[in-house]
1. Which lysines have a Cα lying under 26 Å from the Cα of LYS81, excluding residues fewer than 8 positions away in the same chain?
2. Have a look at LEU32, MET190, TYR214 and report the one farthest towards the positive end of the charge dipole of the chain, computed about the Cα centre with Cβ charges (Lys/Arg +1, Asp/Glu -1).
3. Suppose every Lys and Arg Cβ carries +1 and every Asp and Glu Cβ carries -1, with no other charges. What dipole size does the stretch 255-319 come out with about its Cα centre, to the nearest 20 debye?
4. At a Förster radius of 45 Å, what calculated FRET efficiency corresponds to the Cβ-Cβ distance of ARG101 and LEU10, to the nearest 0.05?
5. Under a Cβ-Cβ cut-off of 15 Å, what is the net charge of the residues other than ASP125 that fall near it, where Lys and Arg count +1 and Asp and Glu count -1?
6. Please work out the FRET efficiency for the pair THR108 and GLU182, using the Cβ-Cβ distance as r and a Förster radius of 45 Å; give the result to the nearest 0.05.
7. Using a Förster radius of 45 Å, what is the FRET efficiency between GLU208 and GLU292 based on their Cβ-Cβ separation? Nearest 0.05, please.
8. Which residue, GLN84, GLN301, GLN243, has the most motion in a Gaussian network model of the chain that connects Cα atoms within less than 10 Å?
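Rule-based calculations on the coordinates, nothing more; no lab input. In this text, all values refer to a predicted model and were calculated from it rather than measured experimentally. Here Cβ is always computed from backbone atoms with ideal geometry, including for glycine, and neighbour counts include all displayed protein chains.
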Amino acid sequence: MHDSKEASPLYKYQVAAFYCFAPLEEKIILSLLKELNDDASEQQVRGTVLLATEGVNGTICGPSKGVVAILEKLKKALLRKTLQMKVSWTNTQAFRRFKARKKSEIVTMGVAGINPVNSAGEYIDPEDWNNLLLDLNTLVIDTRNQYEISIGSFESALNPNLNNFSEFPGWVDKNLSKFIEERRPRRIAMFCTGGIRCEKATSYLLKEGFKDIYHLKGGILRYLEEIPLGNSLWNGECFVFDQRVALNHNLLPGVHRLCHACGMPLTPDERKSLQYVRGVQCPHCEDRYTEEDRARFAERQRQIDERTRKSSGNLSGSDL
């Protein structure tokens, strides 16, 4: 585990992305829901925390002291079990509000009986990940969504073209045996943003009878933190589910911005296109919505701009 770090003198906010597969009782979850909302308000922390009987998953942003307080409460509820965590920094609050929610799964797969606590693949540390990527006997699978992969991935990774993670079991059932028959790999290695999706994916593959299953410990974010740029096999930026949109190899906000109509990450060139209207449409969704939808999106963007002006005096770069 990479524990929460001391406050950075260069950045105002700490961002912690974390998860832990560990049993949580219903009564503890219900108690945590209220406590976390109260604590987040008091500590000026925003973000999302998902709680389920299988564990906890979340990303939060705020002053370092407040982030540490939230994490300590979660670790106590998890009986000090290890939080898989990645810390980064930003000068702009990464979220608009705080939400703590009870869910049936902390990452939705939709298959009963999948529990990484009982069965999961073997962790691969970032320092050893390149060896797997370069090994032709390894089938490497990116378990993220297609729109995430579109802005960055490892060059040799297989893209299942998922719209969401719950499609992964169906893709495996329909396609994985074909790839194994074609490539004859000795092992399967998977990765995702912070490690939670690929860890649950390993549990599913093991349940389905696949052998020699591995996953990148801490996900892409830890890889980018620990592997120097000169040795990195990562190409592009890493999509994150907050207002930073994507991070570069230094774990700082990259060049992509979000289309608030369809949710697609956009390059600078796409934002210069005639099809792009901030908050209303982009080249990916120009024909997807009605005029009524666009009017609604425009009003939403106007309200966002107004709130931003009131809080900062001008528009944040992350909204441009």
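1. LYS5, LYS27, LYS34, LYS65, LYS73, LYS99, LYS102, LYS103, LYS200, LYS207, LYS217
2. Farthest towards the positive end: LEU32.
3. 320 debye
4. E(calc), rounded to 0.05, equals 0.90.
5. -3
6. Efficiency at R0 = 45 Å is approximately 0.90.
7. 0.50
8. Of GLN84, GLN301, GLN243, the most mobile in the Gaussian network model is GLN301.
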